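A quick write-up on the structure given underneath.
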Amino acid sequence: MNKEVYPDCPIRNILSRLSDKWSLLVLYTLQHHPTMRFNALRHAIPDISQKMLTNTLRALEEDGFVTRTVYAEVPPRVEYSITSRAVSLFPYLNALIIWAKDNMPAILRDRAASRSVPSA
């Protein structure tokens, strides 16, 4: 993947990689189960397709948030684990989750009120 969208702007660069539909959800899931196999991850996030989970895990691995370990077994066993970089992100991610839970009712009310106001 190795695509730096905004190489000179750390916040834009990181947000462009983590703000997709799945990355934070995968990291959140791995926070609670620090090592998981692919199918366990897929079952934990039932609405993600196999292709999207594969792409998301590759991007997270590329950025050093996840490690992929392949065991020489038949059939091969592959496990995904969080890295220290991912662990260092969790306080911020958890703060965002708390903020979202605290503010979601008001945000939903504001959205509904905004839709009911006629446009000029």
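For this structure, a couple of remarks:
- Flag for THR67 being touching an Asp or Glu at 6+ places or on another chain (Cβ under 8 Å), within 16 Å of SER88 (Cα to Cα) and not charged (D, E, K, R): yes
- Selection over the stretch 99-120 of residues that are open to solvent by 100 Å² or more (accessible area, probe 1.4 Å) and modelled with pLDDT of 90 or more gives a count of 6.
- For the stretch 47-105, taking the residues that are free of Cβ contacts under 8 Å to residues at least 40 places away in the same chain and acidic (Asp, Glu), the one that is farthest from TYR28 (Cα to Cα) is identified as GLU73.
- Residue in the stretch 38-56 that is among the aromatic types (Phe, Trp, Tyr), touching a Phe, Trp or Tyr at 6+ places or on another chain (Cβ under 9 Å) and under 17 Å from PHE90 (Cβ atoms) present: no
The values are calculated or read from the model by the stated rules, or taken from the named source; none is laboratory data. Because the structure is predicted, anything quoted here is derived from the model rather than measured. With ideal geometry, Cβ positions are generated from the backbone for all residues, glycine too; neighbour counts draw on all protein chains shown. When the accessible area is computed, the model is the full protein with side chains, heavy atoms only, and any ligands, DNA or RNA have been set aside. Shrake-Rupley method; radii C 1.70, N 1.55, O 1.52, S 1.80 Å.
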